[in-house]
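Participant: The structure that follows is given in the form of structure tokens.
The values are calculated or read from the model by the stated rules, or taken from the named source; none is laboratory data. Since this is a predicted model, take the numbers as computed values, not measurements. So basically every Cβ, Gly included, is an ideal-geometry build from the backbone, and we count neighbours across all protein chains shown. Each accessible area value is taken on the protein alone, full model and side chains, heavy atoms only, with ligands, DNA and RNA left out. Shrake-Rupley method; radii C 1.70, N 1.55, O 1.52, S 1.80 Å.
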Amino acid sequence: MKQTILLFLLSLGILFAHAEEKDQRLWKKALRIHERVLTIDTHCDTPMEMIRSDFDIGDEHQSPDSRVDLPRMKAGGLDAMFFAVWVGQKPRTDENYIKAYQLAHQMLDSIHSAAVQHQATANLALTAEQAATIESAGKRAIYIGLENGFPLAKNLGRVEEFYKRGVRYITLSHSFHNDICDSSSDLAEPEHHGVSDFGRMVIHEMNRLGMMVDVSHISDEAFFDVMNMSQAPVIASHSSVRAVCKHDRNMSDEMIKKLAENGGVIQMCLLDDYIKEPDTTTQRYAVQNRLMNIYRTGYGKMNETEKAAFNQEWKDMRRNYPKELPTVADLVDHIDHVVNLVGVDYVGIGSDFDGGGGLADCADVSEFPNITYELLKRGYSERDIRKIWGGNLLRVFREVEKTAGTLASN
């Protein structure tokens, strides 16, 4: 059914603007492979949109304002998506802990409500096996991740509470240090020099429950601590390769090798600055750099009015200084690097759509077959593509579930 839809849209000439530039024989083969393999994206920030009363994930929207919805998931042959419950970091006060906790549950409520409202086309998924079960019924699988452990506050019991609400991974930190570990992006000095004692307990609790540990956003020191602490393989839900694009959010070769030794997987992020180093001579770079410094040093202290003004300035920057985005070919350069370094078993896709992700020729989920085409063009086999598009992630997910079962029986 999915193949029929894709080929029909292609025949109408409306699936992708660049379709006519492709080798049509290879493109049709790519669409057939894309239809056959189980496709999973491990990170989008769409729940930030879903808590708005005027946003319905069942309606088709337009990029760049929106990049993920159920119609475009279907059009792009995406079988499963991890919806990230993102809560930004604020000063760790009792008031802010409460607000973060409430916001996380508001987003969870919106995801659960959407799953009920659109149960004819999508179902909430809780286990690794359910991705295939839901796909076989012709529906989209909705998984949930929690991006930033800040809403846990210092309450270990909340790990299980969020697990019971469907959360199947936690990104330990975000752009600033928190109670769990240090961030890769915080300009302040390291607070824990890795993972805190509380963070160690969080990781062990996640292992016990069968929740994947996500190392995207955390510092290098924290990453290596996690490797020593976790009893199960871990994921980087939306990261890329530092050797290809120098950025503190990307992973070094040493980290990627360690991740592979752990049996984990790095999910390639489609955010432009993580894919290709920016042109530092442009006006866009100057404005963006100024705003990023404001975000890193002061956003968490802003009131809601100040945040709204900042967010509008960010939108104005994007509109007034359009950026020449990297391409899918640039993205696959990162995949090539991982494959050459550790093999094809340790890489996947985590777009970060609706959180900054988007490429010139992959602006939203409807354009995901462009990635399959580029992989095929470079000589990747269908077996390789199956692993990259979800097989590797599901292997880790199953191992995490297995570890939880082993710990429960001991």
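Participant: So how many residues does the range 264-288 have that are under 19 Å from the mean Cα position of the chain (by Cα) and of a type outside the set (Val, Ile, Thr)?
Facilitator: Taking the range 264-288 as the starting set, the residues that turn out to be under 19 Å from the mean Cα position of the chain (by Cα) are 264-276.
Restricting the remaining residues to those that are of a type outside the set (Val, Ile, Thr) gives 264, 267-274, 276.
The total comes to 10.
Participant: Continuing with the same structure: Could you pull out the residue among 359, 341 that is within 23 Å of residue 277 (Cα to Cα), in contact with a Pro (Cβ under 9 Å, 6 or more places away or on another chain) and touching a residue at least 24 places away in the same chain (Cβ under 8 Å)?
Facilitator: Details: 341 fails: in contact with a Pro (Cβ under 9 Å, 6 or more places away or on another chain).
Going through 359, 341 in turn, just one is within 23 Å of residue 277 (Cα to Cα), in contact with a Pro (Cβ under 9 Å, 6 or more places away or on another chain) and touching a residue at least 24 places away in the same chain (Cβ under 8 Å): 359.
Participant: Mind telling me which of the residues 230, 237, 196 ends up being within 18 Å of residue 403 (Cα to Cα) and among the hydroxyl-bearing types (Ser, Thr, Tyr)?
Facilitator: Result: 230 is the single residue among 230, 237, 196 that is within 18 Å of residue 403 (Cα to Cα) and among the hydroxyl-bearing types (Ser, Thr, Tyr).
Participant: Would you check which residues across the range 21-48 are under 20 Å from the mean Cα position of the chain (by Cα) and open to solvent by 40 Å² or more (accessible area, probe 1.4 Å) and list them? Reasoning before the result, please.
Facilitator: Of the range 21-48, the ones under 20 Å from the mean Cα position of the chain (by Cα) are 34, 37-48.
The one that is under 20 Å from the mean Cα position of the chain (by Cα) and open to solvent by 40 Å² or more (accessible area, probe 1.4 Å): 48.
Participant: Please verify whether the range 310-320 includes one or more residues that are touching a Cys at 6+ places or on another chain (Cβ under 6 Å) and either within 28 Å of residue 89 (Cβ to Cβ) or modelled with pLDDT of 95 or more (or both).
Facilitator: No, the range 310-320 contains no residue that is touching a Cys at 6+ places or on another chain (Cβ under 6 Å) and either within 28 Å of residue 89 (Cβ to Cβ) or modelled with pLDDT of 95 or more (or both).
Participant: Follow-up. Testing residue 116 on (1) touching a Gly at 6+ places or on another chain (Cβ under 8 Å); (2) without any contact (Cβ under 8 Å) to a residue 60 or more places away in the chain, one condition comes back false. Which one is that?
Facilitator: For residue 116, the exception is condition (1).
Participant: To continue, here is another question. How many residues are under 23 Å from residue 161 (Cα atoms), touching a residue at least 40 places away in the same chain (Cβ under 8 Å) and not in a strand (DSSP E or B) when one looks only at the range 218-237?
Facilitator: Number satisfying all stated conditions: 5.
Participant: Within the range 254-279, can you find the residues that are part of a loop (DSSP other than H, G, I, E, B) and open to solvent by 10 Å² or more (accessible area, probe 1.4 Å)? Give the derivation first.
Facilitator: Within the range 254-279, the first condition is being part of a loop (DSSP other than H, G, I, E, B), and the residues that meet it are 262-264, 269-270, 276-279.
262, 263, 276, 277, 278, 279 - these are the residues of the range 254-279 that are part of a loop (DSSP other than H, G, I, E, B) and open to solvent by 10 Å² or more (accessible area, probe 1.4 Å).
Participant: Next question, about the same structure. Please specify each residue of the range 308-366 satisfying the condition of being of a type in the set (Ser, Thr, Tyr) and within 27 Å of residue 379 (Cα to Cα). Spell out how you get there, then give the answer.
Facilitator: Keep residues of the range 308-366 that are of a type in the set (Ser, Thr, Tyr), which gives 321, 327, 346, 351, 366.
Scanning the range 308-366 gives 327, 346, 351, 366.
Participant: Filter the strands (runs of 3 or more DSSP E) completely within the range 116-216 down to those with at least 2 residues that are open to solvent by less than 50 Å² (accessible area, probe 1.4 Å) and in contact with a helix residue (DSSP H, G or I) (Cβ under 7 Å, 6 or more places away or on another chain).
Facilitator: 122-124, 140-147, 212-214
Participant: Could you grab the pairs with beta carbons closer than 6 Å, sequence gap of 6+ or different chains, first residue in the range 250-273 and free of Cβ contacts under 8 Å to residues at least 60 places away in the same chain and on the phi < 0 side of the Ramachandran plot, second one of a type in the set (Gly, Ala, Ser) and surrounded by fewer than 24 Cβ atoms within 10 Å (Cβ to Cβ)?
Facilitator: Once the first residue is free of Cβ contacts under 8 Å to residues at least 60 places away in the same chain and on the phi < 0 side of the Ramachandran plot and sits in the range 250-273, no partner that is of a type in the set (Gly, Ala, Ser) and surrounded by fewer than 24 Cβ atoms within 10 Å (Cβ to Cβ) comes close enough.
Participant: Hey, another quick one. For the range 292-410, give me every one of the helices (runs of 4 or more DSSP H) that falls completely inside it and has 1 or more residues that are hydroxyl-bearing (Ser, Thr, Tyr) and open to solvent by less than 30 Å² (accessible area, probe 1.4 Å). Give the derivation first.
Facilitator: Numbers: elements: 304-320, 328-342, 369-377, 382-386, 392-409.
In the range 292-410, the matching helices (runs of 4 or more DSSP H) lie at 369-377, 392-409.
Participant: Tell me, which residue of the range 280-291 that is open to solvent by 60 Å² or more (accessible area, probe 1.4 Å), assigned to a helix (DSSP H, G or I) and not charged (D, E, K, R) is farthest from residue 96 (Cα to Cα)? Write out each step before concluding.
Facilitator: In the first step, residues of the range 280-291 are kept if they are open to solvent by 60 Å² or more (accessible area, probe 1.4 Å); the result is 280-281, 283, 285, 289-290.
In the following step, the residues that additionally are assigned to a helix (DSSP H, G or I) were identified as 283, 285, 289-290.
Imposing the further condition that a residue be not charged (D, E, K, R) reduces the set to 283, 285, 289.
Details: 283: 36, 285: 32, 289: 27 Å.
Taking the candidates together, the pick is 283.
Participant: What is the residue count in the range 80-103 for residues that are crowded, with 22+ Cβ neighbours inside 10 Å, touching a helix residue (DSSP H, G or I) at 6+ places or on another chain (Cβ under 8 Å) and over 15 Å from residue 152 (Cβ atoms)?
Facilitator: Qualifying residue count, the range 80-103: 4.
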